[in-house]
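Enquirer: One structure is given below, represented as structure tokens, and several questions about it will come after.
The values are calculated or read from the model by the stated rules, or taken from the named source; none is laboratory data. Remember, it's a predicted structure, so these values are computed and weren't measured experimentally. Cβ sites come from the backbone with ideal geometry, for glycine too, and all protein chains shown count toward neighbours. Heavy atoms of the whole protein, side chains included, go into the accessibility calculation; ligands, DNA and RNA do not. Shrake-Rupley method; radii C 1.70, N 1.55, O 1.52, S 1.80 Å.
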Amino acid sequence: MDPYIEAHGLRKEFGSILAVDGVDLVVQPGEVLGFLGPNGAGKSTTMKMVTGFLEPTAGSIRVCGVDMLANPREAKRSIGYLPEGAPAYPDMTVVEFLRFIAEVRGFDRAAARDQIERLVEQVHLGGVYHQTIETLSKGFKRRVGLAQAFLHDPPVLVLDEPTDGLDPNQKHEVRDLIREMGKQKTILLSTHILEEVEAVCTRAVIINRGRAVFDGTPAELDEQAPAEVTANRLDWVFRNITTSDTVVAGGAR
Amino acid sequence: MSPTRTIFKREFAGYFATPLAAVYLVIFLALTGIFTFNMGGLYESGQASLRPFFGFLPQLFLFLVPAIAMRIWAEERRLGTVELLMTLPVSVGELVTGKFLAAWAFACVALGLTVPLWLTVSYLGDPDHGVILTSYFGGALMAGAFLAVGACLSALTKNQVIAFVLCLIAFFALLLSGYPGFTELVPGWMPEVVVDALAYMSFLTHYEALQKGVVDLRDVLFFLSVIGAALFVNALVLDWKKAD
Ligand SMILES: Nc1ncnc2c1ncn2[C@@H]1O[C@H](COP(=O)(O)OP(=O)(O)OP(=O)(O)O)[C@@H](O)[C@H]1O
Ligand SMILES: [Mg+2]
């Protein structure tokens, strides 16, 4: 089977700033790929290119076999995207907002209603159905963002820091949700939390200053730490990799 | 439903989601009232026509259209929802068109609410209804052209206040070059063709013909081409600025 996300030689310059410097990202069906890296490494920029928001300075992107640059409308159909910070219209109610997204995605009224009902159940939005988004807590806002991304039941999910800024309970719930989704979907998610990678991801890619510096399973990431490191082994590896310039080949891919 | 229509619907409903729309419409109506009856001297003129109202409309638009236009893209960029919109299976053209049409529809609602003025003058006397009709038509076209330019400017920034000021400056320039005194203002070394071209580009020049009851296809085409060109540029500006 072809990879669901296939990006090669991705590069993005913002004026003189080189944000992404030749990243290859191949995500196979069924994989949950954790995308890691220090602040400003280029994770969000890469995801914005994969989802078709930004055009890369160079490189190619295919999503479910469709070229994002040549055929963006078609490629975007197979992606559900949660941008960093889960932006939404503050003065719309949850249901209005989801209905809007459903309509833009081409659902008719009845199909949209069914789908939103199903989602509200799944993402636990029942209590705030008719509340405006500006009055929601961060946790609920994030769920609205997730619901919006899941709405059309896409094969590919791209989630930019889905658990960022949530309390431990919410983090746990969102993680469970992602693990649940991961059973049927291909997911690319960025995070700063290394336990999250162990908890939900089948593979991890670490980027630093716009370049991929690790690609392997969470177990392979763990092996990078010497035996004498007993606590926070992943943190140790992460720091070790992203504060030096050496490229570590994790798994052979 | 086509994406453009969905965008239009959300956007148009968005104008009424806050009390701001009501406040805006009240201010618009109050100002048209003041302009028409007090400053325009509707009663004193002894003539039953809406000339005073339509005469002041460009100046009214100068301040009130920026208030509609400023939020079109600036707010979307500030909230980050532009990223959401542009990763949906929708083209930039559809987004730009849907949003513009919603703003234009809102402006037309404001304009439509002045119809009681029409009824008033009809009651007081015997106005030329044809002239009033073409004046409304011209006013709507001018509002559309202003809004298309304003939407473009609004895409340049994340700050609505800056967008408002940019609109104000641009609209002022677009009106100024059409005033009769403009030709005396320009420095003498400017070739006459340039001065004429500037005067031709003014919204005022084209609006005034319509306001006299003359529907010249060229004036209509002028406004429609301004709208088309501005929407095209809007898409480019959006693509250029979206990442910031
Ligand atoms: N629109 C932009 N204009 C200029 N520079 C930008 C722009 N967007 C991002 N950058 C720069 O590109 C680099 C990568 O940013 P990006 O947001 O992709 O990082 P990130 O890995 O998502 O970081 P974080 O973990 O903080 O979210 C940073 O140096 C950032 O300052
Ligand atoms: Mg980021």
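Enquirer: Using +1 at the Cβ of each Lys and Arg and -1 at the Cβ of each Asp and Glu in chain B, identify which of B:V82, B:I169, B:G138 lies farthest towards the dipole's positive end.
Expert: In chain B, that residue is B:V82.
Enquirer: Place a +1 charge on the Cβ of each Lys and Arg in the range B:2-240 and a -1 charge on the Cβ of each Asp and Glu, then give the dipole magnitude about the Cα centre in debye, rounded to the nearest 20.
Expert: My answer is approximately 680 debye.
Enquirer: Here's something else I'd like to know. Mind pulling the angle between the C-alpha long axis of helix A:233-243 and the longest principal axis of chain A? Nearest 10 degrees, somewhere in 0 to 90.
Expert: The answer is roughly 70 degrees.
Enquirer: Quick one: what do you get for the range B:2-240 if you divide its Cα Rg by 2.2 N^0.38 Å?
Expert: So the range B:2-240 has a normalised radius of gyration of 1.06.
Enquirer: Ratio of Rg to Rh for the protein assembly as shown, alpha carbon only, Kirkwood?
Expert: The Rg/Rh ratio comes out at 1.09.
Enquirer: May I ask you to give the solvent-accessible area per residue for the protein assembly as shown, in square angstrom, as obtained with a 1.4 angstrom probe?
Expert: Value for the protein assembly as shown: 44 Å² per residue.
Enquirer: Now a separate question. Placing +1 on the Cβ of each Lys and Arg and -1 on the Cβ of each Asp and Glu in the range A:22-133, which of A:G37, A:L25, A:A110 has its Cα farthest towards the positive end of the resulting dipole?
Expert: Highest projection toward the positive end goes to A:L25.
Enquirer: Excluding ligands, DNA and RNA, what is the accessible area buried between chains B and A, summed over both sides, using a 1.4 Å probe, to the nearest 100 Å²?
Expert: Counting protein atoms only, the buried area is about 2400 Å².
Enquirer: Ignoring ligands, DNA and RNA, what percent of the 1.4 Å accessible area of the protein assembly as shown is carbon and sulfur?
Expert: 60
Enquirer: All other residues with a Cβ under 9 Å from the Cβ of B:T87 taken together, and with Lys, Arg as +1 and Asp, Glu as -1, what is their net charge?
Expert: +1
Enquirer: List the residues of the range A:37-56 whose accessible area drops by at least 10 Å² when all protein chains are present, compared with their chain alone, using a 1.4 Å probe and counting only protein heavy atoms.
Expert: A:K48, A:T51, A:F53, A:L54, A:E55
Enquirer: Sticking with this one: Rounding to the nearest 20 debye, state how big the charge dipole of chain A is about its Cα centre with +1 on each Lys and Arg Cβ and -1 on each Asp and Glu Cβ.
Expert: Here the size comes out at about 440 debye.
Enquirer: Oh, and also: Can you tell me the convex hull volume per residue for chain A, based on C-alpha atoms, in Å³ to the nearest whole number?
Expert: 129
Enquirer: Which distance in Å, rounded to a whole number, links the C-alpha centroids of the range A:67-137 and the range A:158-172?
Expert: Here the two parts' Cα centres lie 18 Å apart.
Enquirer: Can you give me the angle between helix B:129-154 and the longest principal axis of chain B, using Cα atoms only, in degrees from 0 to 90, rounded to the nearest 10?
Expert: 30
Enquirer: While we're on this one: Just name one of A:A86, A:T57, A:L98: the one whose Cα is farthest towards the positive end of the charge dipole of the range A:38-109 (beta-carbon charges, Lys/Arg +1, Asp/Glu -1).
Expert: Sorting the options by dipole projection puts first A:T57.
Enquirer: Also, I was wondering about something else. Given a Förster distance of 25 angstrom, what is the FRET efficiency for A:T217 paired with A:N71, based on the Cβ-Cβ distance and rounded to 0.05?
Expert: After rounding to 0.05, the efficiency reads 0.15.
Enquirer: Given +1 on the Cβ of Lys and Arg, -1 on the Cβ of Asp and Glu, and no further charges, what dipole in debye does the range B:59-128 carry about its Cα centre, rounded to the nearest 20?
Expert: The calculated dipole for the range B:59-128 is roughly 260 debye.
Enquirer: Where does helix B:20-33 land angle-wise versus the long Cα axis of chain B, in degrees 0 to 90, nearest 10?
Expert: 20
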